[in-house]
1. Go through the range 81-122 and give me each residue that's within 16 Å of the ligand (Cβ to nearest atom), touching a residue at least 40 places away in the same chain (Cβ under 8 Å) and more than 20 Å from Glu218 (Cα to Cα).
2. What number of residues in the range 168-177 are touching a residue at least 24 places away in the same chain (Cβ under 8 Å) and surrounded by 15 or more Cβ atoms within 10 Å (Cβ to Cβ)?
3. Looking at the range 1-36, which of its residues are surrounded by 14 or more Cβ atoms within 10 Å (Cβ to Cβ), under 26 Å from Pro91 (Cβ atoms) and among the aliphatic types (A, V, I, L, M)?
4. Out of the residues in the range 63-80 meeting the condition of being among the β-branched types (Val, Ile, Thr) and under 11 Å from the mean Cα position of the chain (by Cα), tell me which one is farthest from the ligand (Cβ to nearest atom).
5. Residue by residue through the range 75-121, note down the ones that are small (Gly, Ala, Ser) and at pLDDT 95 or above.
6. Residues of the range 197-238 being without any contact (Cβ under 8 Å) to a residue 60 or more places away in the chain, within 16 Å of the ligand (Cβ to nearest atom) and either over 23 Å from Ser72 (Cβ atoms) or under 17 Å from the mean Cα position of the chain (by Cα) (or both), which ones?
7. Given the condition closer than 30 Å to Gly216 by Cβ and loosely packed, with under 13 Cβ neighbours inside 10 Å, answer yes or no: does some residue in the range 69-79 qualify?
8. Report the residue count in the range 13-28 for those that are touching a helix residue (DSSP H, G or I) at 6+ places or on another chain (Cβ under 6 Å) and not hydrophobic (A, V, I, L, M, F, W, C).
Amino acid sequence: MAQLRLDKILASTGRWSRKEVKGLVKEGRVWIDGVPAARGDLKCDPEQNELRVDGAVLSYRPHVYVMLHKPSGILSATEDRRQETVLDLLPPELQKRGLFPVGRLDKDTEGLLLLTDDGPLGHWLLSPKHHVDKVYYVRTAGTLTEEDCAAFAAGLLLEDGFLCLPARLERLSEQEGLVTLHEGKFHQVKRMLASREKPVLYLKRLSMGPLRLDEGLERGKWRYLSEEETAALRRLLP
Ligand code: URA
């Protein structure tokens, strides 16, 4: 990995502000390969050199990938003056890392949300050019029929004239189904089902591309992606 400035590496963990980092270095509390660092602008490779702060090894992640089980009632945004956002569900050190949600779920939608500070990967996943599959579990007020499935497969025309890409609706019971989309427009699942006069009562995202919501992750909880999950996402990139 490239050589990076020590102060930038420390600040990027989100555990200390730039000012605090300066203080740590000045007080001789930051060590590189067993030697106290003389200055914050020293360059080192966090994957090759051993960095310690107050004796504890610093674990450095060049990028952070977080899976959140978004609960209902929370905004998929990075900040809002009045309402709680998905970032408020993360610990302070992660809140400071500049993570953003990869795609938005409506306030009342639950399920899989990826947050990252990896701009290129996030933007690739969000780009309408790439048609990353998203699977949603849905419960509707009306009965789902074979005709609804056929209409989804043909490509629905929404009220505002938007023509959806062909999508998959799989019936699980009379009023429950799985919807697979290859695009992600605003309120898309709700609008698609509204066009079939089947209002959505409950919506939960189960997967996005190769990433599946961890069944063991309770609503409102988060975890880092595993190496396999991160690698599966990276394999999507050209
Ligand atoms: N479609 C919707 O209607 N809402 C969501 O939150 C996601 C997909």
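The values are calculated or read from the model by the stated rules, or taken from the named source; none is laboratory data. Remember, predicted model here, so these are calculated numbers, not experimental data. Cβ: placed from backbone, ideal geometry, glycine included. Neighbour counts: every protein chain shown.
1. Matches in the range 81-122: Gly103 only.
2. 5
3. Leu4, Leu6, Ile9, Leu10, Ala11, Val21, Leu24, Val25, Val30
4. Once the filter is applied, the top-ranked residue is Val64.
5. Those that are small (Gly, Ala, Ser) and at pLDDT 95 or above: Ser76, Gly111.
6. Residue satisfying the conditions is Glu197 alone.
7. Yes, the conditions are met somewhere in the range 69-79.
8. 3
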